[in-house]
Amino acid sequence: MHAARPVLRDTTRRSGKRQRIRNHQRNAGLAGMKAMRKLTLLLSLALLPGLFPAVAQGRDDDALQRALKAQADAWDVAIWSKDRKAIADNMSASFVQIDSDGNLADKRKFVEEITADALVIAPYAVEDFTIRLYGDTAVLNGSTRMQGTYEGKPFTSHYRFTDVYVKEGGAWRVVNIQTTRIK
């Protein structure tokens, strides 16, 4: 038996063709990569303007938070100075307060109780103050240490609060307050 001999073929023509195919594939790959880079760049540029409203929204949110903080501070001043009109103007008609004991007060009752002659509240500061925005709703949280007198007897209180503001007719108004006494 004879050993199988390898068949020798002329591969120069084929190898040239293979090389041309490889070159074509490589060039097509490079062209595809260039096209992908262009597409990525174009998409990035197309999306870029969409980022500016987010930046603008962030600035708007900052301005709104500053305005709400100023409004809340003014309301605190109205409370300890017993300015019934300023207190009521900051409140929604549907206002509800829930105190530490679970008692409810509507707008009328809250204004009556907070401005009663028997209650004297010294100026106070709000600590740990935060504001979170949810469209036309804002949630304000903080803590307060109050001092004053009620029916001539001194009191001190320390509590955490949540005030919920909503935008009504273009103005921000408090619709809900919840207070929790800290012991």
Residues located in the stretch 88-124, provided they are surrounded by fewer than 12 Cβ atoms within 10 Å (Cβ to Cβ) and either under 24 Å from the mean Cα position of the chain (by Cα) or assigned to a strand (DSSP E or B) (or both): ALA93, LEU104
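Restricting the search to the stretch 84-109, which residues are within 21 Å of GLU151 (Cα to Cα) and out of contact with any helix residue (DSSP H, G or I) (no Cβ under 8 Å at 6 or more places or on another chain)?
If the condition is that a residue be within 21 Å of GLU151 (Cα to Cα) and out of contact with any helix residue (DSSP H, G or I) (no Cβ under 8 Å at 6 or more places or on another chain), then ASP99, SER100, ASP101, ASN103, ARG108, LYS109 are the ones that fit.
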Answer from SER143, SER81, SER92, SER100 - the residue that is in the same structural domain as ASP62 (by TED's automatic domain parsing), of a type in the set (Ser, Thr, Tyr) and at pLDDT below 95: SER100
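The values are calculated or read from the model by the stated rules, or taken from the named source; none is laboratory data. Predicted model only: the values in this text are computed from it and were never measured. Quick reminder, even Gly has a Cβ in these numbers, built from the backbone with ideal geometry, and neighbours come from all protein chains shown.
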